[in-house]
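These notes concern the structure reproduced below.
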Amino acid sequence: MVGAILLHLLINARVGGTPLLLSMLTWKFRDKDSPALWPSHVAQWWSQIQHGAWTMEFQTATAMLYLEIFILVSLVAAWIIPLFR
């Protein structure tokens, strides 16, 4: 369980970096996170996607890629192995 939590935090650190990890520890509600602003945030995100911002997301380091593949394979194995017992 501890290993799963550590791997989860590692993946979160990769995806969102330090700001994401710090935001998990903060319980305050920020004004800029209001649901009323969500449509404009989605529109801004979609605009960035259309202009090619997504290409930077796929420049993954090899070590992280192997770690993600290992995690995926272990999850699939956790579902399949009990079927053979």
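The values are calculated or read from the model by the stated rules, or taken from the named source; none is laboratory data. Everything numeric in this text was worked out from a predicted model, so none of it was measured. Cβ: placed from backbone, ideal geometry, glycine included. Neighbour counts: every protein chain shown.
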Residue that is nearest to the chain's Cα centre (by Cα), among those in segment 16-28 that are aliphatic (A, V, I, L, M) and surrounded by 10 or more Cβ atoms within 10 Å (Cβ to Cβ)
L20
For segment 6-18, check the following and say yes or no: at least one residue is part of a helix (DSSP H, G or I), more than 30 Å from L75 (Cα to Cα), out of contact with any His (no Cβ under 7 Å at 6 or more places or on another chain) and modelled with pLDDT under 90.
no
All but one of (1) at pLDDT below 80; (2) more than 24 Å from M1 (Cβ to Cβ); (3) over 18 Å from the mean Cα position of the chain (by Cα) hold for D31; which doesn't?
(1)
Residue match in segment 31-50 (condition: under 27 Å from I71 (Cα atoms) and either surrounded by 10 or more Cβ atoms within 10 Å (Cβ to Cβ) or touching a residue at least 12 places away in the same chain (Cβ under 8 Å) (or both))
no
Among M56, M64, the single one that is surrounded by 10 or more Cβ atoms within 10 Å (Cβ to Cβ), at pLDDT below 80 and either part of a helix (DSSP H, G or I) or out of contact with any Leu (no Cβ under 7 Å at 6 or more places or on another chain) (or both) is M64
